[in-house]
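Written out below as structure tokens is the structure these notes cover.
The values are calculated or read from the model by the stated rules, or taken from the named source; none is laboratory data. All of these numbers come straight from a predicted model, not from anything done at the bench. Using ideal geometry, Cβ is built from the backbone for each residue, glycine included, and neighbour counts are taken over all protein chains shown.
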Amino acid sequence: MADALIVVVLLLVAASATAAVAQRDPARQALVLSFLGTLLAALFTVLQAPDVGLSQLAVGSALTPLLIMLCVRKIRRRGRSKEDAR
Amino acid sequence: MTRRTAPRAVLLATGELLAWWAALALLWLVLITSVDTLERIVGASCAALGAILARLGRRAVTWR
Amino acid sequence: MNRLRLWLLAVGGAGLAALLVAACLDLPGFGGRHHPYGDRAVQASLARHTANTISSVNFDQRAYDTLGEMSILFAAVLGCVVLLRQARDEHRAPPEPAEVARPVRRYALLVLPVALVTGLYVVAHGQLSPGGGFQGGVVAATALHLLYLGADYGALERVRPLGVYETSDAVAVCAYLVLGLASVLAGTAFLANTLLPYGTFNTLSSGGAVPLLNAAVGMEVASAVVVLLAHFLDQAVEIEEEHGS
Amino acid sequence: MNGWILAATVALGGGGAAALWGVTTGPPARRVIAQNLTTSAFCPALLLLAQGYGRPAYVDLALLLALLGPVGTLVFARLLSDDLSAQDASAWGLTWTAAVLGAAAVVALCVAVGPGRAMVKLLVIGVLLIGGNVIASRALAGGFRGVRGG
């Protein structure tokens, strides 16, 4: 019975990781990835590894989305300025 | 000829820094579990760093 | 040729699968209370008055591994800095000022110092509670970027002298090395935690060199993340390619 | 398994499944709202877990999530502002429901913990969580309209 929580969180992790891979647009992928990051922090807490959970939380909730979205912005801006130049 | 800052501005800046320092030192005391001298020193210096950054940030944003 | 490649992949995959299945069959049961390595690690960390066993493993029992991880981060950030530098056919446009809604701007200004102090708390209490240099450093560095999110990139640039962060990144790596060499000079092994007194259990000064190594890693990670994000932000916001080149 | 862990299971399972559904389907506005609600579902769950396992140190995870979760939402609100400005990304009913649920969890934990340093810490986390979520919702509902290139 005490393992019910672990099973619930593991199922959610499997579902959201699959969903993150299945998205085509990088910006939408980043959204699912940030959800997955927070969920993984919860999984590590449930498995009694709060140190790893804190690392995951610190990196996954704000830093990784920021890096990915900055890359997306750079690529979009580049495409726009190429169109302008034409 | 040196430009002197108005005493009022100095007072305001000191007040802002002190208010932030007190609030952040209080936050530190809330976060920790046991209090001793070293804890107080480290907390006070971290709160001072936070207060300086808070003022720098506010000035940078309302600068323009 | 293509068929050969597929066969090679199939053979390799099958071998890997067989090994993984064999390894899984030999695993200890899920969620046991005792583990040979875990019991020894806890014993060693308690002997050195470190309340958080994970910190003891990271910065005392395997401090050498952490040195490797630290230099990987340093090298990775250095690589990014080189790759994302301003090329000859690019120019810098000053960032446009942005009008952000007032509650969001005020939230950013209020949470910035709170997040910074929380990050420093996580670094300083790495040997007592979950957390440590890496986690706290990332939080402190993220706090600074609230200025970009809540205002504009110009505001962040005014409070972020990049040279200072680049220097403190290098200084922190050196500090870690110096702490390791100090124990060599004292006649023990590199990074052996025998130099400093272990202190009272569950206080800030416990754990010998663990809090100092934690602080060095925290400083390194915070500066490295700031430098890394600075170059990403430069590329995303400021640097533009010359038209018609 | 005690009541706290049961409540955390419900929050993680229910909130997580709902947020996953929202974040993977529909227009960008809905996805970003679901990403914001992730924080308000998981942060109370982490607090409940800390109480359920009897480990006060685990509260630090909830503290960091309450601080960084809204920052993550601000990242998307700012860098997707072009996509979001075309549609209405406000969900005030959901935001306030989540805020009330989070406040209820924090109050229940405060009662269980009793007066002291730990209770003040819980209240700080509660204020950061609810304030952060409301501000993140505000940012999604046109907080970055005036942002063009920066």
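Observations on the model:
- Considering region C:138-156, and only residues there that are modelled with pLDDT under 90, part of a helix (DSSP H, G or I) and not hydrophobic (A, V, I, L, M, F, W, C), the residue that is nearest to D:Leu61 (Cα to Cα) turns out to be C:Gly150.
- Subset of region D:12-28 [surrounded by fewer than 20 Cβ atoms within 10 Å (Cβ to Cβ) and either part of a loop (DSSP other than H, G, I, E, B) or aliphatic (A, V, I, L, M) (or both)]: D:Ala17, D:Ala18, D:Thr25, D:Gly26, D:Pro27
- Failed criterion for C:Ala87 (all others in (1) of a type outside the set (Val, Ile, Thr); (2) away from chain D (no Cβ under 14 Å); (3) farther than 30 Å from C:Glu238 by Cβ hold): (3)
- Residue list for region C:204-213, filter: within 12 Å of another protein chain (Cβ to nearest Cβ) and either buried (at least 24 other Cβ atoms within 10 Å of the Cβ) or free of Cβ contacts under 8 Å to residues at least 24 places away in the same chain (or both): C:Ser205, C:Pro211
Results for (1) free of Cβ contacts under 8 Å to residues at least 12 places away in the same chain; (2) in a helix (DSSP H, G or I), shown as yes or no for each residue.
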position	(1), (2)
C:Val173	no, yes
C:Leu181	yes, yes
C:Gly187	yes, no
C:Asn193	no, no
C:Val225	no, yes
C:His231	no, yes
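- Scanning region D:108-125 for residues that are part of a helix (DSSP H, G or I) and without any contact (Cβ under 8 Å) to a residue 40 or more places away in the chain, we see that the one that is surrounded by the fewest Cβ atoms within 10 Å (Cβ to Cβ) is D:Val111.
- Across region D:85-104, the qualifying residues are those that are of a type outside the set (Gly, Ala, Ser) and in contact (Cβ under 8 Å) with a residue 60 or more places away in the chain, and the one among them that is farthest from D:Leu48 (Cα to Cα) is D:Gln87.
- Scope region C:41-98; condition more than 30 Å from C:Asp152 (Cα to Cα) and of a type in the set (Gly, Ala, Ser); matching residues: C:Ala41, C:Ala44, C:Ser45, C:Ala47, C:Ala51, C:Ser55, C:Ser56, C:Ala63, C:Gly68, C:Ser71
- Exactly one residue out of D:Gly132, D:Gly52, D:Gly69 is crowded, with 18+ Cβ neighbours inside 10 Å, touching a Phe, Trp or Tyr at 6+ places or on another chain (Cβ under 7 Å), within 12 Å of another protein chain (Cβ to nearest Cβ) and of a type outside the set (A, V, I, L, M): that is D:Gly52.
- Residues in region B:26-63 that are in contact with a Gly (Cβ under 8 Å, 6 or more places away or on another chain) and surrounded by fewer than 20 Cβ atoms within 10 Å (Cβ to Cβ): B:Leu29 alone.
- Tally, over region C:131-147, of residues that are within 9 Å of chain A (Cβ to nearest Cβ) and of a type outside the set (Val, Ile, Thr): 8
- Residue count for region A:42-66, restricted to those that are of a type in the set (A, V, I, L, M, F, W, C), facing chain C (nearest Cβ under 9 Å) and either surrounded by 19 or more Cβ atoms within 10 Å (Cβ to Cβ) or assigned to a loop (DSSP other than H, G, I, E, B) (or both): 9
- Qualifying position, being surrounded by fewer than 24 Cβ atoms within 10 Å (Cβ to Cβ), within 27 Å of D:Arg55 (Cα to Cα) and modelled with pLDDT under 95, among C:Thr188, C:Thr194, C:Thr200: C:Thr200
- Test: residue in region D:88-95 that is part of a helix (DSSP H, G or I) and touching a helix residue (DSSP H, G or I) at 6+ places or on another chain (Cβ under 6 Å): yes
- Some residue of region C:126-133 being without any contact (Cβ under 8 Å) to a residue 60 or more places away in the chain, within 25 Å of C:Tyr176 (Cβ to Cβ), out of contact with any strand residue (DSSP E or B) (no Cβ under 8 Å at 6 or more places or on another chain) and part of a helix (DSSP H, G or I): no
- Top-ranked residue of region C:94-103 - restricted to ones that are at the interface with another protein chain (Cβ under 8 Å from one of its Cβ atoms) and assigned to a loop (DSSP other than H, G, I, E, B), ranked as nearest to the chain's Cα centre (by Cα): C:Pro95
- One residue from C:Ser55, C:Ser71, C:Ser45 being in contact (Cβ under 8 Å) with a residue 24 or more places away in the chain, part of a helix (DSSP H, G or I), within 14 Å of chain A (Cβ to nearest Cβ) and not β-branched (Val, Ile, Thr): C:Ser55
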